[in-house]
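**Q** Structure below; questions to follow.
The values are calculated or read from the model by the stated rules, or taken from the named source; none is laboratory data. Computed from a predicted model, the values in this text were never measured in an experiment. Every residue, glycine as well, gets a Cβ built from its backbone with ideal geometry; the counts of neighbours run over all protein chains shown. Accessible surface is based on the protein model in full, side chains and every heavy atom, while ligands, DNA and RNA are left aside. Shrake-Rupley method; radii C 1.70, N 1.55, O 1.52, S 1.80 Å.
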Amino acid sequence: MKTLVKNIGTLVTPLGNTARKGIHQGETETIHDAWILSEDGIIKEIGTGEFSGVVDEVIDVEGKLVTPGLVDSHTHLIFGGWRNNEMEQKLKGVSYLDILASGGGIHSTVKATREASFEELVERGKAALDEMLGYGTTSCEAKSGYGLDSETEIKQLEVIRKLNEIQPVDLVATFLGAHALPKEYADNREGYIDLLCNEIIPKVAEEKLAEFCDVFCEEGVFTAEESRRILLKGQEYGLKSKIHADEIYPIGGSVVAGDIGAVSAEHLIVCNDEGIEALSGGNTIACLLPATSHYLNAGYAPARKMIENNVAVALATDYNPGTCPCLNLQLVMTLGCLKYRMTPEEVLNAVTINGAAAIGRADVVGSLEEGKQADMVIWNARELSYICYRMGSNLADKVIKKGKIVKGGRQ
Ligand code: IZC
Ligand code: ZN
């Protein structure tokens, strides 16, 4: 099946199979009057002017802007129940960590997720992915972490596997059993960490249910040393590392990330110079989540400083029921410009090739080049800067996944 996307007014894409950092963070290729030929979902050729040849399907984009499909590299996609009932507490000034310590927050989502059936979680995840696709997200990371027991963690990961089979967005699974200390283990931290290391991680690896292992390294949650131990155990079993680091307190998560060669460190709102140096030394991608800063009324990660220090920056939604119930990666792009002072080109790379690198898919997606998947967004825009500028609107006109229109137009 050959598909031609033609009349592309402007094509903007990063190039290559690796994360772009430092002075390369904002380098993009721009081609005017372009076309893209794909066959069976893979890009065969990109050219300009008239295309001559025979194809099975032609998608005329009428002079619009085209970019790679967006990659959301940090989401807590699978959960039962919302937490809007915590809004009042939040508005009265009760902090995120205090809500968690008093048994709410993650614990309330754990309760709802344990109670939810497999089918319910599939339905909820599918609805969320459908909304994401509408905003232009064609690949996405999805974490467990609302089970905190073997059965429910595995249930979440199996839901991710199922979703990968039944809808168009490509998912990459991350095991986040170390998201909080479950209530049953409140007096037995070691017991839970042993359970993770000796039972659940081996099982997740054996059943190939996740590619990454993640830990919430935070004051009152898991310490830097505990995080290191859990992530190294994951590595022993072939799970690459991610870490929630420096979100609220800088307790050493970014240093652990650099030390153990984590693929990415997430949040980094309060990352200090030592943390930035560790990330840069370890080739770890900084996965920044500005919509969460906005939602928590917190500060913003030092993105410019990271770019200056040769740390690759990815941007993601952090979609979750507590600190960011938002699926719109376009809004994240706007915040990336306004709050991190990143340029539209730096932001585009952060939500395409760098996001893809953060989830181990930079050889498959994240740029529009021969040999990569034909995942793209046709924008109701002529220029890249317009997408970042029009805060809050959905500017995705059509979304193409593996050469087929999956949102907008004829599906
Ligand atoms: O459900 O609160 N930060 N984990 C770490 C989260 C936010 C998600 C949640
Ligand atoms: Zn998160």
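**Q** Here is a list of conditions, (1) among the hydroxyl-bearing types (Ser, Thr, Tyr); (2) within 16 Å of ligand 1 (Cβ to nearest atom); (3) in a strand (DSSP E or B), and residue 108 meets all of them except one; can you say which number that is?
**A** It fails just one condition, (3).
Quick grid of which residues meet (1) at pLDDT 95 or above; (2) buried (at least 19 other Cβ atoms within 10 Å of the Cβ); (3) out of contact with any Asp or Glu (no Cβ under 6 Å at 6 or more places or on another chain); (4) not in a loop (DSSP other than H, G, I, E, B):
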position	(1), (2), (3), (4)
5	yes, yes, yes, yes
8	yes, yes, yes, yes
17	yes, no, no, no
32	yes, no, yes, yes
44	yes, no, yes, yes
63	yes, no, yes, no
77	yes, yes, yes, no
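**Q** Which residues, counting only those in the stretch 301-343, are over 28 Å from residue 379 (Cα atoms) and either over 18 Å from the mean Cα position of the chain (by Cα) or within 16 Å of ligand 1 (Cβ to nearest atom) (or both)?
**A** Of everything in the stretch 301-343, those that are over 28 Å from residue 379 (Cα atoms) and either over 18 Å from the mean Cα position of the chain (by Cα) or within 16 Å of ligand 1 (Cβ to nearest atom) (or both) turn out to be 301, 302, 305, 306, 308, 309, 310, 321, 322, 323.
Residue-wise test of (1) at pLDDT 95 or above; (2) on the phi < 0 side of the Ramachandran plot; (3) aromatic (Phe, Trp, Tyr).
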| residue | (1), (2), (3) |
| --- | --- |
| 49 | yes, no, no |
| 83 | yes, yes, no |
| 118 | yes, yes, yes |
| 130 | yes, yes, no |
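**Q** Taking the options 45, 86, 120, name whichever one is in contact (Cβ under 8 Å) with a residue 60 or more places away in the chain and farther than 26 Å from residue 381 by Cα.
**A** Details: 45 fails: farther than 26 Å from residue 381 by Cα; 120 fails: in contact (Cβ under 8 Å) with a residue 60 or more places away in the chain.
Testing whether each residue is in contact (Cβ under 8 Å) with a residue 60 or more places away in the chain and farther than 26 Å from residue 381 by Cα leaves just 86.
**Q** Please indicate, with yes or no, whether at least one residue in the stretch 274-294 is in a helix (DSSP H, G or I) and in contact (Cβ under 8 Å) with a residue 60 or more places away in the chain. Break it down stepwise before answering.
**A** Pass one, the stretch 274-294, residues in a helix (DSSP H, G or I): 274-282, 290-294.
Those still in the list that are in contact (Cβ under 8 Å) with a residue 60 or more places away in the chain too: none.
Checked against the condition, which is being in a helix (DSSP H, G or I) and in contact (Cβ under 8 Å) with a residue 60 or more places away in the chain, the stretch 274-294 yields no hits at all.
**Q** Can residue 254 be described as small (Gly, Ala, Ser) and surrounded by fewer than 24 Cβ atoms within 10 Å (Cβ to Cβ)?
**A** Criteria not met by residue 254.
**Q** Tally up the residues in the stretch 214-237 that are closer than 17 Å to residue 266 by Cα and open to solvent by less than 10 Å² (accessible area, probe 1.4 Å), please.
**A** Within the stretch 214-237, residues that are closer than 17 Å to residue 266 by Cα and open to solvent by less than 10 Å² (accessible area, probe 1.4 Å) number 10.
**Q** State yes or no: is residue 263 buried (at least 19 other Cβ atoms within 10 Å of the Cβ) and closer than 20 Å to residue 142 by Cβ?
**A** Against the criterion (buried (at least 19 other Cβ atoms within 10 Å of the Cβ) and closer than 20 Å to residue 142 by Cβ), residue 263 qualifies.
**Q** Give me the pairs, please: first residue somewhere in the stretch 183-209 and closer than 16 Å to residue 231 by Cβ, second residue anywhere and outside any helix (DSSP H, G or I) and of a type in the set (Ser, Thr, Tyr), beta-carbon distance under 7 Å, and either six or more positions apart or on two chains.
**A** Final answer for the pair search is 201/237; 202/237; 205/237.
**Q** For the stretch 238-250, state whether one or more residues are within 16 Å of ligand 2 (Cβ to nearest atom), open to solvent by 40 Å² or more (accessible area, probe 1.4 Å) and either of a type in the set (Val, Ile, Thr) or at pLDDT below 95 (or both).
**A** Yes - at least one qualifying residue is present in the stretch 238-250.
**Q** Out of curiosity, is residue 209 of a type in the set (A, V, I, L, M) and buried (at least 22 other Cβ atoms within 10 Å of the Cβ)?
**A** no
**Q** Here is a follow-up. Tell me, which strands (runs of 3 or more DSSP E) wholly within the stretch 304-411 include 1 or more residues that are open to solvent by 10 Å² or more (accessible area, probe 1.4 Å)?
**A** Working: elements: 313-315, 376-379, 396-401, 404-407.
Once the strands (runs of 3 or more DSSP E) in the stretch 304-411 are filtered for at least 1 residues that are open to solvent by 10 Å² or more (accessible area, probe 1.4 Å), what remains is 396-401, 404-407.
**Q** Tally time: how many residues in the stretch 79-91 are in a loop (DSSP other than H, G, I, E, B), more than 29 Å from residue 354 (Cα to Cα) and either within 11 Å of ligand 1 (Cβ to nearest atom) or more than 23 Å from the chain's Cα centre (by Cα) (or both)? Talk me through it step by step, then tell me what you get.
**A** From the stretch 79-91, those in a loop (DSSP other than H, G, I, E, B) are 79-83; that's our starting set.
Within this subset, residues satisfying the condition of being more than 29 Å from residue 354 (Cα to Cα) are 80-83.
Narrowing the set further to residues that are either within 11 Å of ligand 1 (Cβ to nearest atom) or more than 23 Å from the chain's Cα centre (by Cα) (or both) leaves 81-83.
Total satisfying the criteria: 3.
**Q** Do we find that residue 125 is small (Gly, Ala, Ser) and free of Cβ contacts under 8 Å to residues at least 40 places away in the same chain in this structure?
**A** Values: small (Gly, Ala, Ser): yes; free of Cβ contacts under 8 Å to residues at least 40 places away in the same chain: no.
Taking the combined requirement at face value, the residue does not satisfy it.
**Q** Can you name every residue in the stretch 178-211 that is within 27 Å of residue 101 (Cβ to Cβ) and within 16 Å of ligand 2 (Cβ to nearest atom)?
**A** Within the stretch 178-211, 178, 179, 180 meet the criteria.
**Q** Next question, about the same structure. Report every pair of residues separated by at least 6 positions or lying on different chains whose Cβ atoms are under 7 Å apart, first residue within the stretch 23-37 and on the phi > 0 side of the Ramachandran plot, second part of a loop (DSSP other than H, G, I, E, B).
**A** 33/49
**Q** Another one. Kindly indicate which of 55, 94, 122 is in a helix (DSSP H, G or I) and either in contact with a helix residue (DSSP H, G or I) (Cβ under 9 Å, 6 or more places away or on another chain) or open to solvent by 10 Å² or more (accessible area, probe 1.4 Å) (or both). Before you say what the answer is, go through the steps one by one.
**A** Working: 55 fails: in a helix (DSSP H, G or I); 94 fails: in a helix (DSSP H, G or I).
Result of the check over 55, 94, 122: 122.
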